[in-house]
Amino acid sequence: DGGAVPPSSSSSSTATATKTTKGPPLDRAAVQEILATLRACPIQRLHEPGDKHEALLESLPPPAQLFAVARAWHRNSAGAGPEAADLVAVLYALSLHRRAGREVLMGRPEYQALLTKVHDAIAGDGFVLDEEGESSPALSAPQLLLAAYALVKFEQRQTFLSVLPSVRSAVLGSFAELSPGEVSKLAWMLPSASAYDDPLLLEICRGSLHRGMDRTHLVQMIAALAKCIMVADRGRPETPELMRSFVKHLDELLDASLFGAEDDALAGPRSLTAQDLTVIAGTLLHIPTSPSPVFGRSLGRLAELMSETEPTVRSVVMLHRCLQQHLEVAPAPAVALAEAMFRPIFEEISRHLRRASALAPWGEAWALASPSEYRATLEDAGVPVLGDGATEAALRDLGIGDLSSDEESISEIALQRARAMPWLEAHPIPTRNQTFAHATWSLSLVGAGGLQEGAAGTQVFRSGFHHRGTSASESPLVPLTLEGHTREGDAEMQALSAVLADALRLVGGTGARDGRCMRVLGAAVAGTVDLFVEQQPCVSCCGVMAQFRALLPQVALRCSFRRLTPATPASNRSAAVYSLVPSPEANRSGGGPNFTVGLEVLRGMLSQAVVPTQLTFHALVSLGVAEGRALEAAGVLDIMRAHRVVPYHKTYEAVLAVAPARTAVTEMAEFEAAYTAEKGAHFILVSILMVRCAEEDPLELAPSFLAGRCLSRSVPTPRACAFAAALAPLPALGAWSAALASWFRRKAEARALHRDRSEEDERRDVAECALPLAVLLRRVCERAAAAEGGGHGGGGGGSGRCERRALNVARPVLDVLRSLDLLGKVLEEAMIFGLPAPPSWQAPRWPPRPP
């Protein structure tokens with residue numbers, strides 16, 4: 001969501017992408033028609049938690065129409081500026097499409113402009129004048145909540161925080177008019193947008209009890225409070241009140257479920273749904289351990305409710321993790337009950353992991369031999385994370401040891417340094433919450449004489465896809481997809497893939513598909529691998545470690561991880577990310593990206609053997625071009641080639657459009673060598689470079705460039721050649737004549753391929769292709785006459801000498817024209833003997849204006 005699409009490829013997301021048209025922007029009538037449809041939709045208030053996507057999207061305009069409206073507003077083709085209510089309605093409708101899984105790329109300039117307009121409508125004066133001249137808010141509290149929800153859904157946290165004062169004022173002024181669903185949704189928004197310490201949450205909690213909230217609303221309130229307590233400063237006076245409010249809401253919900261409630265909204269079925277119980281158990285993982293018996297009683301009630309339902313596997317795992325974290329205050333019967341429900345699940349997962357860590361009788365690992373079966377078996381188990389204690393037990397069961405306290409301290413220091421080092425990203429919403437892993441390895445070949453040559457390394461890996469690493473297609477390790485998210489980019493997966501790549505190189509392998517080397521890998525390589533992770537590995541990463549043990553049984557693998565506590569929650573581990581995209585979410589300091597800073601960050605990454613992605617390099621090159629630093633941007637292309645990163649088409653084109661001619665010619669050769677299977681450089685780009693070569697070096701570079709292009713796939717246009725020929729100097733006349741002759745023949749060959757062209761089209765094309773030769777002949781003759789000093793009007797004798805001088809100088813051009821059977825036509829068109837040019841002859845037009 002909000003991702004930048006690579007310039008040379010479409011997005012590979014499985015979600016339905018927003019299709020946009022490239023036609024003209026909508027006019028005012030078309031925009032008003034779409035807005036009328038939108039106003040008739042039942043989206044004037046926030047939807048309720050759990051509402052079905054189909055019901056919400058039934059009457060909404062599709063994303064393509066909403067994009068067309070945003071595009072019309074962006075280009076100001078719809079007349080007067082849009083009303084604030086329409087801006088909010090379009091943004092909220094887009095967020096509903098996003099909620100349903102449809103991809104809405106907020107990095108598009110049209111959407112960025114829409115966000116800016118919504119922000120200005122809320123954070124500006126916020127008032128309009130009615131017919132009687134009285135001022136009233138431009139947006140009501142429910143409309144502000146629609147906008148706030150959309151900002152949070154699109155992860156526009158900085159924009160949300162900037163409009164939060166206006167939202168807070170409107171909500172507190174009309175709190176009694178808000179529905180329970182709007183109140184609970186607002187409570188969810190605050191921690192989701194990192195507004196953990198905003199006093200609005202406590203105000204909501206004070207006014208929300210006993211006002212008609214059902215169980216779904218209370219579950220959402222409890223989850224919001226838990227997230228805020230997780231990161232709250234223990235010394236702040238609001239923190240104890242947050243905790244008291246959390247316990248009060250939790251007790252009300254659990255008591256109503258167990259014993260019934262006097263409140264009609266809470267009356268009904270005694271038990272919460274399994275999904276509700278899972279959410280509640282997950283929120284309790286964020287709460288610090290407390291000796292309060294009240295909190296312990298809540299844990300016991302939660303376990304009792306869970307036993308009375310038909311809990312899902314995920315619910316049982318979440319409950320077990322929750323009780324293990326709060327073991328000091330959890331009632332013993334509740335702990336025993338959770339352990340009894342969790343034990344079969346843990347034994348099943350452990351059995352699958354043991355199978356993955358052993359070779360089959362035919363000598364092949366299970367995941368490598370049957371990746372589909374391996375994935376289905378573990379993914380269908382429905383367990384993303386086992387918990388701290390269970391994960392440690394599973395790893396020890398696989399024969400994976402742990403690190404010593406001193407080794408863990410060394411890894412912690414390495415991780416702290418890596419977290420402080422900024423990384424480049426090219427995303428309007430950069431991923432700052434990342435998991436880091438520190439790996440140290442030493443491998444050796446096992447030979448007849450003992451251990452021989454080997455490989456060693458130490459490196460910090462971070463989760464995500466913001467750099468070039470060993471992907472799943474290049475690694476024999478098989479990751480899982482858990483809860484809809486692929487674990488291919490997990491830090492543990494990257495670390496063990498890098499170690500396996502070193503092991504394969506030791507035995508002369510070429511990759512995961514080298515079957516011979518994969519079969520001898522286990523017997524040929526020995527060594528040690530130490531891995532330290534910031535948080536407990538997920539089931540996918542446990543499976544990756546099991547596969548590693550199967551592939552390299554002689555390599556001793558040890559793994560330790562930091563146990564998450566309220567003092568070190570996952571959401572607090574924000575990485576230093578420098579985004580090259582000019583968006584409020586990417587640049588929190590308020591300033592836009594800077595090419596100099598980007599280069600410094602790039603050098604820091606490369607010093608740590610970390611290479612950014614193609615998209616990140618493209619953003620850096622484009623930023624350098626935009627700042628007028630073409631030579632340094634071209635230097636980034638050299639860095640890409642040195643690290644075997646193939647630039648996008650657009651990356652080359654951005655540099656070629658502004659770089660000095662000689663540099664651009666070299667880069668174009670590299671570009672077309674890298675894309676031998678593509679159609680080559682675009683003819684417009686070639687034409688721009690042709691003109692620049694003629695402007696900077698018409699003596700040698702320009703004619704040689706034109707001659708070289710005649711052997712490639714794309715050649716300059718006739719207008720570009722005509723403008724360049726007008727700059728040709730007399731000493732280079734022979735080279736220019738030969739180059740233009742080759743160019744004309746190449747164009748003739750291209751015309752011959754189109755046999756269905758009319759005679760009129762053929763004559764027009766020939767005349768257009770003859771234009772550069774006519775310009776060259778006319779300009780050469782004029783310069784020859786000027787050099788002779790006779791001019792065109794200095795009498796008969798002088799005029800004759802000028803003509804003879806011009807013909808002698810222009811002989812190479814005339815010979816070429818004669819060989820092409822164009823001499824008569826060009827002489828007629830160019831009118832070189834001082835007569836006025838006929839109306840049919842057009843001077844070449846090319847920016848900048850030709851002489």
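The values are calculated or read from the model by the stated rules, or taken from the named source; none is laboratory data. From a predicted model like this one, the values you see are computed outputs, not experimental measurements. Positions of Cβ are backbone-derived with ideal geometry, glycine not excepted, and every protein chain shown enters the neighbour counts. Ligands, DNA and RNA are stripped out before the accessible areas are found, and what is left, the full protein with its side chains, is counted by its heavy atoms. Shrake-Rupley method; radii C 1.70, N 1.55, O 1.52, S 1.80 Å.
Using R0 = 60 Å, the C-beta based FRET efficiency linking Arg713 and Thr309 works out to 0.35.
Taking a point 7 Å from the Cα of Arg355 along the Cα-to-Cβ direction, the residues of region 475-494 with backbone N closer than 17 Å to it are 478-481.
Label-to-label distance for Ala750 and His53 is 4.6 nm, based on points extended 7 Å past Cα in the beta-carbon direction. Surface calculation, 1.4 Å probe, protein heavy atoms: His352 sits at approximately 20 Å² accessible. Each residue, Thr596 and Arg417, gets one label point 7 Å from its Cα in the Cβ direction; the gap between the two is 2.7 nm. When the C-alpha to C-alpha distance is required to be over 18 Å, the pairs from Lys52/Lys153; Lys52/Lys117; Lys52/Lys248; Lys153/Lys248 that qualify are Lys52/Lys117; Lys52/Lys248; Lys153/Lys248. Taking only protein heavy atoms and a 1.4 Å probe, the accessible area of region 312-459 is 54% carbon and sulfur. Here's how it looks for Thr435: its modeled amide H is under 5 Å from those of Ser463, which are all 5 or more places away or on a different chain.
Ordered from longest to shortest, the equivalent ellipsoid semi-axes for region 313-360 are 27, 9, 9 Å, each the square root of 5 times a Cα gyration tensor eigenvalue. In the context of the full set of protein chains, residues of region 589-743 present 39 Å² of accessible surface per residue (probe radius 1.4 Å, heavy atoms only).
Of all trypsin sites (Lys or Arg not before Pro) in region 720-789, which ones are in loop regions per DSSP and have a Cβ with at most 15 other Cβ atoms within 10 Å? Walk me through the numbers on the way to the answer.
Details: sites: Arg745, Arg746, Lys747, Arg751, Arg755, Arg757, Arg763, Arg764, Arg778, Arg779, Arg783; in loops: Arg755, Arg757.
Hits after loop and neighbour filter: Arg755, Arg757.
Region 734-771 and region 51-76 have Cα centres separated by 49 Å.
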